[in-house]
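Presented below is the structure to which this report refers.
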Amino acid sequence: MDARFVSFGEIEIDGQHYHHDVVIERGRVRKRKKGPSKIHRAAFGHTPLSPDEAIPWSSRRLIIGTGAAGQLPVMPGLLAEAQRRGVEVVIRPTAAACELLHPLDPDEIAAVLHVTC
């Protein structure tokens, strides 16, 4: 899968530009619906990635892109859920996370990519 962080607020995946956070699961791209995580915003100073969201648990590895400067908080509860499911979590700034997607078969990809901070 060809993914790259274009600039703050923009990511390109297989030629398609997105100006919002995305979730990739088995080659399909959808908008991240962070509404369920907003209740945790005050505790983190930013809406974190929480297990309350529709996390793509379909792969043995979940790649999380934490934004341009790597500022997206990942809640400990999400990491605990990943461990419970036997899913390895790889957390990198979004540009580096995109690079991890290149060699993977789209059917093996599970990722959440943040496009700002």
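The values are calculated or read from the model by the stated rules, or taken from the named source; none is laboratory data. Just so it is clear, the model here is predicted, and its values are computed rather than measured. Heads up, the Cβs are rebuilt from the backbone with ideal geometry, glycines too, and the neighbour counts pull from every protein chain shown.
Inclusion of SER50 among residues that are among the hydroxyl-bearing types (Ser, Thr, Tyr), modelled with pLDDT of 95 or more and farther than 16 Å from VAL115 by Cα is warranted.
Among the residues of region 31-63, those that are over 12 Å from the mean Cα position of the chain (by Cα) and among the small types (Gly, Ala, Ser) comprise GLY35, SER37, ALA42, ALA43, GLY45, SER58, SER59. When ALA42 is tested against (1) part of a helix (DSSP H, G or I); (2) in contact (Cβ under 8 Å) with a residue 12 or more places away in the chain; (3) not hydroxyl-bearing (Ser, Thr, Tyr), just one condition goes unmet, and that condition is (2). Selection over region 57-82 of residues that are more than 18 Å from GLY27 (Cβ to Cβ), in a loop (DSSP other than H, G, I, E, B) and either of a type in the set (Gly, Ala, Ser) or in contact (Cβ under 8 Å) with a residue 40 or more places away in the chain (or both) gives a count of 6. Exactly one residue out of ARG30, ARG4, ARG60 is surrounded by fewer than 15 Cβ atoms within 10 Å (Cβ to Cβ) and closer than 13 Å to VAL115 by Cα, and it is ARG4.
Right, ARG4: in a strand (DSSP E or B), basic (Lys, Arg) and under 13 Å from ALA110 (Cβ atoms) or not? Lay out the reasoning, then the answer.
Working: in a strand (DSSP E or B): yes; basic (Lys, Arg): yes; under 13 Å from ALA110 (Cβ atoms): no.
Criteria not met by ARG4.
Among (1) under 18 Å from ARG4 (Cα atoms); (2) more than 12 Å from the chain's Cα centre (by Cα), where does THR66 come up short? Result: THR66 passes all but (2).
Within region 83-117, take every residue that is in a helix (DSSP H, G or I) and of a type in the set (Asp, Glu) and give me the one that is modelled with the highest pLDDT.
Restricting to residues being in a helix (DSSP H, G or I) and of a type in the set (Asp, Glu), the top hit is GLU99.
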